[in-house]
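Since the structure comes first, as structure tokens, the remarks are kept for the end.
The values are calculated or read from the model by the stated rules, or taken from the named source; none is laboratory data. Note that the structure is a prediction, hence the values are computed from the model and not measured. Here the Cβ is made from the backbone with ideal geometry for all residues, glycine too, and neighbour counts use every protein chain on show. Only protein heavy atoms, including side chains, enter the accessible area calculation; ligands, DNA and RNA are left aside. Shrake-Rupley method; radii C 1.70, N 1.55, O 1.52, S 1.80 Å.
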Amino acid sequence: MISGIWILFCLVSICWTAPFDREKKCDPDCDYNITQLIQTKGYPCEEHKVLTEDGYILGVFRISHGRNGSSVGRPVLLQHGLLDSAVTWAMNFPDQSLAFILADAGYDVWLGNMRGNYYSRAHVKYNPDHDEEFWDFSWDDMARDDLPSMIYYILNATKHTQVAYVGHSQGTAIAFAEFGRMNSVLQNSVSFWSALAPIAQLGHIKSPIKYLSPPAIADSIERIWHLIFGRNEFLPSSSMIHWFAEHACDKTIIDKEVCENILFVLCGPETNNMNISRIAVYGAHEPGGTSVKNMIHFAQGIQSNLFQAYDYGSPEKNQLHYNQTTPPLYSIRPIKIPTAIFWSGEDWLADPVDVAYIFDNIQSLVYEKYIPDYNHLDFVWGMTANKVIYSDLLAQMKKYHPPT
């Protein structure tokens, strides 16, 4: 095992090589920030700062109405996935991006950013560039603090009593965890939610991240990940990305940039449903960033195949954090919010076997749709997502959370 760890360690270099050459970026969307990206498509955009109870300052963006009107409807919160950011909902053209589609349908659209990504690198006490404490979080903290903080902020700002919620990938995991918390009062503030590429259990994923969480290192996974990636932001070196890519990509990939971006490598490089002309735009804005601890939490889920809180590695440490020797398990059975699930057969992170666990336990399901050939990123970037997913999602949302 030691030799295997050493090989992984040797793959890591001390610098981060950007995957895209700026000279190749001919699309102006590559150089826009999220506000400019939204405004140049003809939509209004506001930036809000949301303070969590533990001091993180989250950047949240608002598209209050569509292009063809000024009336403000009921609020909807869109929450991105792992290594992603709010920009994911607005990187395609207006008729293809869910943020724009919902705004044009009359909704007040809010785009959330989890702690540690590009738009949420701030804290009342810690500096992300200097303080290790800033990066001491996983999706446990996003579920417990970030999600409620954003929802309550939106309700206070809009004076509505309920919000609709759409999550992708990690955005579904935090919702399953927090909405399913026993006696959760947050459920009363959400009238409908939709899970795109849902994740809870992770034991059957096909993503090459599984190669960094093999059973042989089950007792040392936290130490090994910190040895390889450090304790702060998750920034894999170019050598590590190339190592991942050897397991993820083959010669049929049309654009090599797809396999030079860690987000594509981990989520799946297949591009049948992706607009190849937008690859440079995706690469310019992604990955959004997260902590090494958050990646460890996902790796733990792959090993254990349990939907549970972060494992601190010993009964003593878990007792200190949870008042029990093992991490608490999350349950989705208490969820009462009307739930719509969209899932696929070619998803490297939300494998059908793992999604079956969700269907076996969810009691609030009102709609589900299976898309055989979608990968994990097609749910937010697929050219056909507007017809295959968003039209059905919008129809269900209007039943439980009409725009006015």
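Measuring against 21 Å, Cα to Cα, the residue pairs K210/K293; K369/K399; K125/K293; K41/K159; K210/K317 contain K41/K159; K210/K317 as the ones spanning a longer distance. From a point 7 Å beyond the Cα of K398 in the direction of its Cβ, which residues of the stretch 51-68 have a backbone N at a distance under 16 Å? Counting only backbone N, you get 66. Counting only protein chain heavy atoms and rolling a 1.4 Å probe, the accessible areas of K317, K399 rank, largest first, as K399, K317.
Across the stretch 99-114, rounded Karplus estimates of 3J(HN,Hα) from the backbone phi angles (6.51 cos²θ - 1.76 cosθ + 1.60, θ = phi - 60°) give 4, 6, 4, 5, 5, 5, 7, x, 8, 8, 9, 10, 10, x, 10, 6 Hz, Gly and Pro being marked x. From the alpha carbon centroid of the stretch 192-224 to that of the stretch 152-177 is 24 Å. Out of the DSSP beta bridges found with both residues in the stretch 26-400, what percent are antiparallel (nearest 5)? That works out to approximately 35 percent antiparallel.
Taking a ≥ b ≥ c as the square roots of the eigenvalues of the Cα gyration tensor of the stretch 256-394, is the shape rounded (a/c under 1.5), prolate (a/b larger than b/c) or oblate? It comes out oblate by the Cα gyration axes. Rounded is the label for the stretch 26-400, because a/c, from the alpha-carbon gyration tensor with a ≥ b ≥ c as root eigenvalues, stays below 1.5. Nonpolar atom fraction for the stretch 26-400, defined as the carbon and sulfur part of the 1.4 Å probe accessible area, stands at 50 percent.
Stretching D129 away from N33 to a fully extended chain increases their span by 32.5 nm, per 0.36 nm per residue minus the current alpha-carbon distance.
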